[in-house]
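The values are calculated or read from the model by the stated rules, or taken from the named source; none is laboratory data. If you're wondering where the values come from, they're calculated on a predicted model, not measured in any experiment. All Cβ positions, even for glycine, are placed from backbone atoms using ideal geometry, and neighbour counts span all protein chains on display. The area values use the complete protein model at the heavy-atom level, side chains included, leaving out ligands, DNA and RNA. Shrake-Rupley method; radii C 1.70, N 1.55, O 1.52, S 1.80 Å.
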Amino acid sequence: MANRRDSRIEPSFEGPPRAKSSAGFSVSEEDRVVPSNRKTSAKRQSAKTKSSRRGRGKSGRGLFGVLGRLFYWCFVLAIWGGIATAGIVVYYGAKMPAATTWAIPDRAPNIRIVSVDGKLLANRGMSGGEAVGLHEMSAYIPEAVIAIEDRRFYSHLGIDPIGLSRAMVANVVGGRFSQGGSTLTQQLAKNLFLTPDRTLERKVQEVLLALWLEHKHTKDQILEMYLNRVYFGSGAYGVEAASRRYFGKSARDVTLPEAALLAGLLKAPSRLSPARDPKAAEQRSQLVLAAMRDEGKISAKELTTAMSAPATRVASYWTGSENYVADTIVEELPDLIGDVRSDIIVDTTVDLTLQKLAEQSIRRLIDGSGKKLNASQGVLVSIDNSGAVRAMVGGYDYSTSQFDRASEARRQPGSAFKPFVYMAALEAGRTPDSVRNDAPIRIGKWTPTNYGGKYFGKVTLATALAKSLNSVAAQLTMEVGPDAVVEAAHRMGIQSDLTANTSIALGTSEVTPLELTSAYVPFANGGYRPEVHFIRRVTTTGGKVLYDNNGGGAPRVVKPEIVGMMNSMMTGTVEIGTARKAAFAWPAAGKTGTSQNSRDAWFIGYTANLTTGVWFGNDDGSPMKKVTGGALPAQAWHEFMVAAHEGVPVRPLPGTWRSTPPDTIVQDEIPSNTAQPVPSASVGQSAPSAQKASSPRAVRPAETIDGGGFGIPGGDSATASIKRPVPPGDVGGPVKKRQTSILDILTGG
């Protein structure tokens with residue numbers, strides 16, 4: 001038994017089959033219930049080897065796999081990004097008004113102000129210029145703008161994916177927001193509807209509005225709207241305003257280098273404005289020219305020529321004295337037509353030729369003598385007999401000071417106020433032949449002295465006015481009373497408040513050059529006070545008349561015989577008096593004026609056609625160096641009036657008066673004994689029987705006077721004879737009894 005256990009034979013599936021014996025058993029491969037994995041393992045090993053070999057042979061396929069997976073995930077992210085973007089668009093779009101209510105807002109109205117002969121004086125309003133059609137403006141302008149701002153403008157649908165992507169990359173690389181990628185359509189949408197805030201909401205709204213604009217309007221319409229509304233710096237909106245501002249010409253006449261400069265401003269209008277930084281504007285314009293060449297808009301020769309053009313230099317503000325007129329007109333418009341709601345055309349009374357002559361005269365004299373004489377500012381106002389302002393210069397240079405000294409600055413007129421003193425005296429019974437003693441006098445604590453301290457003794461009123469003798473003017477004021485002088489001045493056209501004291505005889509109350517000049521107009525037109533005006537007519541661009549100045553009625557404020565006497569007296573100022581430098585080939589009259597210490601120097605003079613006033617001085621009131629009204633003001637007046645009257649038939653001054661023969665001048669003559677000081681008790685009191693003039697408002701319509709030879713061409717109502725009212729018989733006060741002077745009373749005369 002033991003041997004049996006020791007010789008036990010275990011079953012085996014390996015080796016050759018053995019012979020059967022009684023002592024053991026064996027099974028074959030076929031007897032297995034589960035197949036052997038031997039071959040399978042071998043196959044696995046073989047497959048693993050082959051796979052390893054294939055992996056080594058196709059290692060490049062792994063990179064493509066990575067790229068494939070990257071593309072896949074990018075695609076997935078793009079889908080989700082698109083969904084998120086759509087959600088944002090829907091969200092912000094829902095906050096906007098319905099697209100059916102969208103409409104292009106009206107462009108800010110422009111006020112086109114033109115001269116009497118149709119020449120442009122200025123544009124005013126928010127835009128600062130009229131709208132110009134794309135077909136009207138220089139072709140260089142749209143080409144330059146497209147080349148530098150939106151090269152694919154005519155091919156995109158309102159947004160430019162290529163430009164937007166480029167801008168995003170540039171911003172990421174630069175680490176800051178330096179490029180926007182906005183198309184011209186997007187920029188127009190922003191200008192028309194949106195605020196300049198840089199927010200996601202505004203950007204989404206900008207895109208939606210740009211798509212709407214592209215759907216509703218053609219490319220040319222969009223470009224035209226853009227060019228007429230975009231800001232070009234220095235207060236100029238639209239190409240017309242910018243062209244006028246920087247080049248002094250219409251957008252229709254802009255050259256290639258000028259168009260490049262305008263297009264270059266769009267990136268940073270305020271910073272690149274040639275009024276602020278000419279060098280930066282020039283550099284930017286050259287980039288625009290290069291872009292135009294790259295786009296094939298210009299040839300190499302055109303590029304070279306444009307690059308060599310001199311840099312544009314412009315004043316920091318609008319220049320030209322006509323802008324003083326434009327500012328005054330804009331202030332008056334609301335009272336005439338109310339709010340300006342559409343583009344309008346204002347036809348003015350101003351003659352641009354005369355305006356330029358006036359400006360040149362003022363500037364030439366200040367440039368030549370201003371520094372030596374300490375005179376820095378000058379004013380010239382010229383008005384015709386109908387009250388139409390033909391020229392108004394409000395200062396030396398509008399670009400450096402927009403303050404209008406002609407209509408806003410109140411200064412002491414000095415002796416230029418004396419005509420109202422003499423007129424009041426004539427209305428009270430004096431004549432040009434009345435005699436007064438020019439000698440030192442004292443009125444209370446006031447002792448008026450003549451310029452230079454020189455006295456002439458017995459003189460006629462005509463001589464006293466021609467030589468501007470202060471003592472005689474003071475005596476006349478005492479005789480008729482300061483109130484009568486103030487009344488006469490207001491009746492003639494002075495609007496400022498006047499202090500009724502004796503010193504008013506020497507022009508101590510302040511007035512503006514415009515009102516002082518206008519107060520002399522009745523002397524030139526025969527005694528009528530017309531309404532001073534700048535505006536003839538206001539119309540829409542379609543021709544609808546909003547306002548028309550038909551002249552109206554001008555009341556008579558001075559009797560014809562008083563006008564004749566005053567003109568006779570003031571002619572002497574030009575012929576033998578203080579304004580001899582003003583004399584020229586026409587009959588002319590006027591009065592000089594110089595305030596204390598030569599702070600103000602005036603000459604107001606007139607012919608039968610024009611009344612012109614000139615003032616020189618300093619804004620700070622500092623004295624000039626012995627400048628009188630017979631110096632710079634008379635010279636400027638002479639230059640202007642000679643040019644203004646060239647080719648105009650000579651006309652005599654209105655009114656007539658004949659001097660009384662010397663042997664009959666006894667009624668108002670001072671006795672042979674010398675003048676005595678006036679007691680202080682009489683200061684400010686009128687002579688016992690001095691008469692005040694009646695109110696100029698009591699008038700009857702009928703009479704006509706001629707406009708004065710400087711009428712508006714084309715048969716306008718302002719050019720023809722103007723209906724004037726017949727004055728009441730007592731205008732200027734009745735002359736019932738000649739008045740004796742205070743000196744006559746004191747001396748028993």
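What part of the accessible area of segment 581-666, given as a whole %, is carbon or sulfur when the probe is 1.4 angstrom?
Values: 1930 of 3560 Å².
Here it works out to 54 percent.
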Shape descriptors of segment 366-420 over alpha-carbon atoms, Rg and Dmax in angstrom, are 13.4, 39
Once both label points are put 7 Å beyond Cα along the C-beta direction, the K279-S155 separation in nm becomes 3.8 nm
A chain fully extended from R658 to Q495 at 0.36 nm per residue, minus the present Cα-Cα distance, gains in nm 55.4 nm
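Past 29 Å, Cα to Cα, is the threshold; run K356/K625; K249/K372; K249/K544; K279/K371; K454/K559 against it and keep the listed order. Kindly include the intermediate steps, with their values, before the conclusion.
On the way: K356/K625 27 Å; K249/K372 36 Å; K249/K544 27 Å; K279/K371 31 Å; K454/K559 34 Å.
Beyond 29 Å between Cα atoms: K249/K372; K279/K371; K454/K559.
Once you have a ≥ b ≥ c as the square roots of the Cα gyration tensor eigenvalues for segment 298-402, tell me rounded if a/c is under 1.5, and otherwise prolate or oblate according to whether a/b is larger than b/c. Don't jump to the answer; show the numbers that get you there.
Numbers: a/c = 2.44, a/b = 1.25, b/c = 1.96.
Since a/c reaches 1.5 but b/c is at least a/b, the shape of segment 298-402 is classed as oblate.
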Between R69 and I162, the FRET efficiency computed from the C-beta separation at R0 = 25 Å comes out, to the nearest 0.05, as 0.35
The farthest towards the positive end of the charge dipole of segment 310-366, of the residues V346, S361, P334, given +1 on Cβ of Lys and Arg and -1 on Cβ of Asp and Glu, is S361
I83 and T447 label points (each 7 Å along its Cα→Cβ direction) are spaced in nm at 10.5 nm
The distance between the Cα centres of segment 395-447 and segment 121-152, in whole Å, is 52 Å
Simple SL model, points at 7 angstrom along Cα→Cβ for T218 and L120; separation in nm is 2.5 nm
Here segment 493-576 gives, from Cα atoms, an Rg and Dmax in Å of 17.4, 56
Those trypsin sites (Lys or Arg not before Pro) from segment 135-166 that are DSSP loop and have at most 13 other Cβ neighbours within 10 Å turn out to be R152
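Tell me, Kirkwood radius of segment 525-626 from alpha-carbon pair distances, in Å? Please list the in-between numbers first.
Working: mean 1/r = 0.0601 Å⁻¹.
Radius from the Kirkwood sum: 16.6 Å.
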Note to self: Kirkwood Rh of segment 380-516, Cα pairs, one decimal, Å, is 16.1 Å
With the label point 7 Å along the Cα-to-beta-carbon line of I337 and a cut-off under 13 Å to each amide N, the hits in segment 508-539 are 535-539
